[in-house]
Every structure is written in C-alpha cells, then in structure tokens.
Amino acid sequence: MRTLQTLFACWCLAAWIGVAGANASHAGETSHLLAIGLSFDRPINAGEAPAVVAMSDGLFASEGLAVTASTTAGSPEAIARVASGASEFAIVDLNALIRFRSRQSSSPIKAVFVLFNKSPYAIVARKSRGIHVLSDIDGKTLAIAASDLSAWLWPALAHRNGINLAHVKQSTISAAVREPMLSAGQVDAVTGFSYQSAVNLRDRGVPADDLAVLRFADYGCAAYGFAVIVNPDFAAEQPDAVKGFVRALIAGTNLTIR
C-alpha cells in the first residue's frame with residue numbers, strides 16, 4: 001500500500017480534478033441514482049485513490065449511487081459531518097473514531113470497511129542526524145504536528161520500546177512547517193504518515209538514503225489506519241446502498257492496484 005500511495009499521488013489529484021468536472025457536467029444524467037455525500041478527512045492525496053477511481057470509472061454509479069466528495073480539516077470534522085447527516089459516508093482515521101465513540105453522548109457511528117489495515121503513523125528522521133532505528137530517538141529533538149493523531153499513540157509506543165520520554169526533546173509545531181523544519185535541520189525527526197512525509201521531504205531535496213522512516217506498525221503498534229464510516233440512520237434505512245458503496249470501493253481498490 002505504501003508503494004501504491006506514492007505512485008498514484010499526482011495521478012490521483014488529476015483524476016480528482018476530472019471527477020469534480022464530471023460531477024458538474026453530468027449532474028442531470030445521475031438523477032436516477034441515489035445521491036451520496038462522501039467526506040475526506042484531508043486535502044486529496046493518494047490515500048483516497050480507491051475512492052477517486054470508483055468515482056471516475058463509474059463503479060459507484062454501477063451500484064446505483066451518485067457520489068459527491070468533499071474535503072474537511074481532519075478526521076474529527078469528517079466524523080462530525082457523518083454524525084449530523086451532512087455526509088452519508090466519510091474516510092477517517094479509525095483511531096479518531098474510537099476517541100469519538102468514547103464520549104458518552106456520541107452518535108453510534110460504525111466503520112463498515114477498513115481501507116488501511118495498518119496505521120500509516122511513522123517517525124520520519126534524518127540518518128545524518130544519527131537516527132536509524134527507533135531507539136536512536138533518545139536524546140534527539142522530535143517535532144509533532146498539533147493535529148497529528150499519532151501524538152496520542154506515541155507515548156505508548158515509546159513505553160513499549162523502552163524509550164524514556166523525558167530523554168526526548170519534544171515540541172509541538174504546525175503541520176505546515178513539519179517537513180521544512182526537518183529538511184532545514186531545525187529538528188532531528190518528525191511524526192507523519194510513512195507514505196507522505198518522506199515524499200514531501202524528498203521533494204524538498206532531502207536524499208532518500210538520508211531518510212529513516214520508522215513506522216509505528218513495525219515497532220509494535222497494532223492500530224488500524226483509515227476506515228469508511230457511515231451515518232447510522234442512513235445505514236438502517238439504506239442497507240443495500242451501504243453494501244453497494246463498499247463493493248464499489250473494493251473494486252476501486254483492486255482497479256487502482258492493477
């Protein structure tokens with residue numbers, strides 16, 4: 001999946017632009033289809049490739065669904081949209097859904113399909129700064145973006161791997177300066193997605209062989225990654241539409257891989 005996401009990053013954006021245009025041009029042709037709102041939890045990137053393929057290749061339409069996608073500012077916002085009924089479906093971080101469901105008054109939203117069977121969380125570091133494996137983070141400076149959900153799992157991961165958090169100089173930064181700060185040598189490592197931060201750093205001129213991508217999943221973190229969630233009222237009223245949505249997304253995943 002990591003290779004898939006990297007290879008399709010630019011292609012996915014182009015396809016997304018094409019889908020947006022197609023939605024505007026052919027709205028009248030889909031009047032007989034069930035209108036579905038799909039929220040992405042971030043600006044479009046290759047992680048959403050299966051959904052974009054399902055839209056652009058008519059896989060949702062073959063299931064009787066007219067899917068219109070929109071982006072949000074993060075998983076909490078996308079989950080809130082599904083809870084309110086503003087969107088029928090969303091692709092979100094499953095760990096954010098768990099946190100949402102832990103609230104006593106939360107809507108009983110469920111995940112109906114796991115798109116990433118492993119979390120993409122990773123620590124991305126510079127080997128030239130002396131970091132090759134996770135234990136090398138001891139005594140180094142680690143920057144974590146304020147909106148990064150991996151921040152909630154990092155303490156447990158450190159404990160599991162015998163890392164004393166008091167020995168790690170941790171700072172909270174904006175996601176917008178995460179890769180620039182690492183490429184400039186202002187920090188030794190950052191948290192991010194294994195398939196995304198490394199590509200961003202390469203594009204900033206950091207040699208690939210200087211990057212250490214330390215995936216949480218490789219160091220004992222069993223968390224899932226992204227999943228498809230559905231509004232519970234919609235699921236109860238339209239169970240066949242939910243099944244059709246998942247079938248189309250699976251077909252989109254297989255087509256993307258091919």
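For this structure, a couple of remarks:
- Based on DSSP H segments of at least four residues, each scored -39500 (n - 2.57), the chain has a per-residue ellipticity at 222 nm of -10500 deg cm²/dmol.
- With kT/(6 pi eta Rh) evaluated at 37 °C and eta = 0.692 mPa s, and Rh the Kirkwood radius from Cα pairs, the chain diffuses with a coefficient of 170 µm²/s according to Stokes-Einstein.
- Burial ordering of 183, 62, 102, 39, fewest other beta-carbon atoms within 10 Å first: 102, 62, 183, 39
- Listed by chain and number, the lysines placed with their C-alpha closer than 21 angstrom to that of residue 118 are 110; residues fewer than eight positions away on the same chain are left out.
- Sequence of 79, 173 once ranked by neighbouring C-beta atoms within 10 Å, starting from the fewest: 173, 79
- Helix screen, the chain: DSSP H segments with Cα axial length of 20 Å or more and mean Kyte-Doolittle hydropathy at least 0.0 are 9-25, 239-257.
- Selected from 230, 213, 195, residue furthest toward positive end of dipole (the chain; charges at beta carbon): 213
- Among 70, 171, 56, the residue with the largest mean-square fluctuation in a Gaussian network model of the chain, with springs joining Cα atoms closer than 10 Å, is 171.
- Segment 121-219, Rg to Rh (Cα coordinates; Rh as Kirkwood inverse mean 1/r): 0.91
- Solvent-free Debye scattering, log10 I(q)/I(0), computed from the Cα coordinates of segment 97-143 at q = 0.23, 0.28 Å⁻¹: -0.84, -1.06
Every number in this text was worked out from the coordinates using simple rules, so none of it is lab data. No experiment lies behind these values; they were computed from the predicted model shown. Because the Cβ atoms are built from the backbone with ideal geometry, glycine has one as well, and the counts that use them run over all protein chains shown.
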